[in-house]
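To start, the structure itself, in structure tokens.
The values are calculated or read from the model by the stated rules, or taken from the named source; none is laboratory data. Just so it is clear, the model here is predicted, and its values are computed rather than measured. Note that we place each Cβ from the backbone using ideal geometry, even for glycine, and neighbour counts take in every protein chain shown. Only protein heavy atoms, including side chains, enter the accessible area calculation; ligands, DNA and RNA are left aside. Shrake-Rupley method; radii C 1.70, N 1.55, O 1.52, S 1.80 Å.
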Number of protein chains: 2
Amino acid sequence: MTSSPATTPEPPYFAVIFVSVRNGADDAGYAAMAARMEELAAAQPGYLGLDSVRGDDGLGITVSYWRTEADIAHWRAHAEHREAQLQGRRDWYRQYELRVCRVERAHGMQPAPGA
Amino acid sequence: MTSSPATTPEPPYFAVIFVSVRNGADDAGYAAMAARMEELAAAQPGYLGLDSVRGDDGLGITVSYWRTEADIAHWRAHAEHREAQLQGRRDWYRQYELRVCRVERAHGMQPAPGA
């Protein structure tokens, strides 16, 4: 598992924003697949990191970061990932929205030393 | 409160991805300010919607959507918002990362009728 918030290089790079609503079914199967997909994504070319949160109401946001749009296309077409996408639409999600974007600028605040 | 996942127009448009870690202090004050900022953001020019989730571990992701980068700059400079940003850095966040990006493409799945 990667640490979150993700540490990313200087922009520009790309992000996939995946906002989803679970249907409430098969929590164990879903959790196992989500963990496997995070592991598999992290092994792909151009992967820069991932931030993911799901609330108690079933709404989730996962943002993955990539060096290029071609890296995103490559990950999207990965056979095991395609299988998971299909199962997600059929068994786990009530609704989702996926956005591919180019990160133009970024800034942040790091934890205070010793915090 | 807006409905989530947000409904957005055809790309291109812009998104602000805000990934944060709460410090665990002052939940009530933070929740009140977060609600006020969502309300205020929704009243700004160019606002298109917002998706926000916080997990039990204190990690949160808020994505707001905007018509142009100028709309984002305008919201960022809003006096009451600036006050909230300052208080966030001082009192509520341990760490955060903010990314401004241009949404290039989007697709999704809507709930089945009657679901």
Counting every C-alpha pair in the protein assembly as shown, the percent lying more than 24 Å apart is 44
Assign unit charges at the C-beta atoms only (+1 for Lys and Arg, -1 for Asp and Glu), then state the dipole size of chain B relative to its Cα centre in Debye, rounded to the nearest 20.
240
Mind listing the long-range amide H neighbours of residue B:13? Cut-off is under 5 Å, sequence gap 5 or more, other chains count too, H placed in the peptide plane at 1.01 Å from N.
B:103
Given Cβ point charges of +1 (Lys, Arg) and -1 (Asp, Glu) and nothing else, what value in debye, to the nearest 20, does the dipole of the protein assembly as shown about its Cα centre take?
400
Please report the carbon-and-sulfur percent of the accessible area for chain A; probe 1.4 Å, protein heavy atoms only, DNA, RNA and ligands left out.
52
Any chance you could check the Cα centroid distance between region A:10-36 and region B:80-106 for me, in angstrom?
22
How many percent of all Cα-Cα pairs in region A:48-115 sit more than 14 Å apart?
74
Helix A:27-42 sits at what angle to the longest principal axis of chain A, using alpha carbons and giving 0 to 90 degrees rounded to 10?
40
How much length, in nm to one decimal, is gained on full extension between residue B:78 and residue B:109, taken as 0.36 nm per residue of separation minus their Cα-Cα distance?
7.7 nm
How charged is the neighbourhood of residue A:65? Take every other residue with its Cβ under 15 Å from the Cβ of residue A:65, and add Lys/Arg as +1 and Asp/Glu as -1.
-1
To the nearest 500 deg cm²/dmol, what mean residue ellipticity at 222 nm is calculated for chain A from DSSP H runs of n ≥ 4 alone, each contributing -39,500 (n - 2.57), summed and divided by the residues?
-8500 deg cm²/dmol
Which FRET efficiency, nearest 0.05, do residue B:69 and residue B:10 yield, Cβ-Cβ r, R0 25 Å?
0.90
Once normalised by the length of chain B, the mean sequence separation of its alpha carbon contacts under 8 Å that are 6 or more apart gives a contact order in percent of 43
